[in-house]
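Below is one structure, written out as structure tokens, with a few remarks after it.
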Amino acid sequence: MRRRNHQIILALALCATASIALAGASFLLTCTNEKCGFKGSVDFGGGFVFEKVTGYCVKCQKFVYLQWNREGKGGKVQKPKPEAVATIWDASTGRTNHLYACPQCTNAFMLIASERDLRFCPKCGQPTLKQEIAEHYD
């Protein structure tokens, strides 16, 4: 009986972890530089029926998103539209990055992989950006 309870608890924990992995999250951003005062919010990840990627448009001075629907229950994902407008090589990381057109102004922006990559404030350019989870969504 005790072993059965452990199996049930483990199965529930795995289900909860899987649901969190699919969900997106919203973050509150604050620059700790007192002279800057930047505050904002940003979303990362999609939900069960949609996918979303995040970037920052320098021209619009805001976080922007490309979003598209997932196909069917099998989790097949359509590629974001529009396609990448350019590809660049980042010498500091060795990675190749795609640039996408901002949905508001068509200026090019680079995707931000996750909130962990947000260290520098988009307003003052200092490594003073702090994030706090606001909510999870699906």
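Please find, among A86, A134, the residue that is small (G, A, S) and surrounded by 14 or more Cβ atoms within 10 Å (Cβ to Cβ). Show your work before the answer.
On the way: A86 fails: surrounded by 14 or more Cβ atoms within 10 Å (Cβ to Cβ).
On inspection, the qualifying residue turns out to be A134.
Which of the residues that make up the stretch 43-61 are farther than 15 Å from Q131 by Cβ, outside any strand (DSSP E or B) and without any contact (Cβ under 8 Å) to a residue 40 or more places away in the chain?
Our first condition is that a residue be farther than 15 Å from Q131 by Cβ; within the stretch 43-61, this holds for 46-53, 55, 57-61.
Restricting the remaining residues to those that are outside any strand (DSSP E or B) gives 46-49, 58-61.
G46, V49 - these are the residues of the stretch 43-61 that are farther than 15 Å from Q131 by Cβ, outside any strand (DSSP E or B) and without any contact (Cβ under 8 Å) to a residue 40 or more places away in the chain.
Per-residue answers, yes or no, for (1) outside any helix (DSSP H, G or I); (2) at pLDDT below 90; (3) touching a Gly at 6+ places or on another chain (Cβ under 6 Å):
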{"residue": "I8", "(1), (2), (3)": "no, yes, no"}
{"residue": "A13", "(1), (2), (3)": "no, yes, no"}
{"residue": "G37", "(1), (2), (3)": "yes, no, no"}
{"residue": "S41", "(1), (2), (3)": "yes, no, no"}
{"residue": "F63", "(1), (2), (3)": "yes, no, no"}
{"residue": "N69", "(1), (2), (3)": "yes, yes, no"}
{"residue": "A84", "(1), (2), (3)": "yes, yes, no"}
{"residue": "H98", "(1), (2), (3)": "yes, no, no"}
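What residue, of P122, P127, is modelled with pLDDT of 95 or more and within 16 Å of the chain's Cα centre (by Cα)? Before you say what the answer is, go through the steps one by one.
Working: P127 fails: within 16 Å of the chain's Cα centre (by Cα).
Testing whether each residue is modelled with pLDDT of 95 or more and within 16 Å of the chain's Cα centre (by Cα) leaves just P122.
Being part of a loop (DSSP other than H, G, I, E, B) and among the hydrophobic types (A, V, I, L, M, F, W, C) is the filter; apply it to the stretch 100-109 and report the residue that is surrounded by the most Cβ atoms within 10 Å (Cβ to Cβ).
Our first condition is that a residue be part of a loop (DSSP other than H, G, I, E, B); within the stretch 100-109, this holds for 102-107.
Now narrow it down to the ones that are among the hydrophobic types (A, V, I, L, M, F, W, C): 102, 105.
Numbers: C102: 21, C105: 13.
Once the filter is applied, the top-ranked residue is C102.
Do you know which residues across the stretch 110-138 are over 16 Å from K62 (Cβ atoms), outside any loop (DSSP other than H, G, I, E, B) and among the aliphatic types (A, V, I, L, M)?
Result: I133, A134.
Quick one: would you say A21 is within 24 Å of A134 (Cα to Cα), aliphatic (A, V, I, L, M) and at pLDDT below 90? Walk me through how you get there before you give the answer.
Values: within 24 Å of A134 (Cα to Cα): yes; aliphatic (A, V, I, L, M): yes; at pLDDT below 90: yes.
When the stated conditions are applied, A21 passes them.
The values are calculated or read from the model by the stated rules, or taken from the named source; none is laboratory data. Bear in mind the structure is a predicted one, so any value in this text is a computation, not a measurement. Cβ atoms come from the backbone with ideal geometry, glycine included; neighbour counts cover every protein chain shown.
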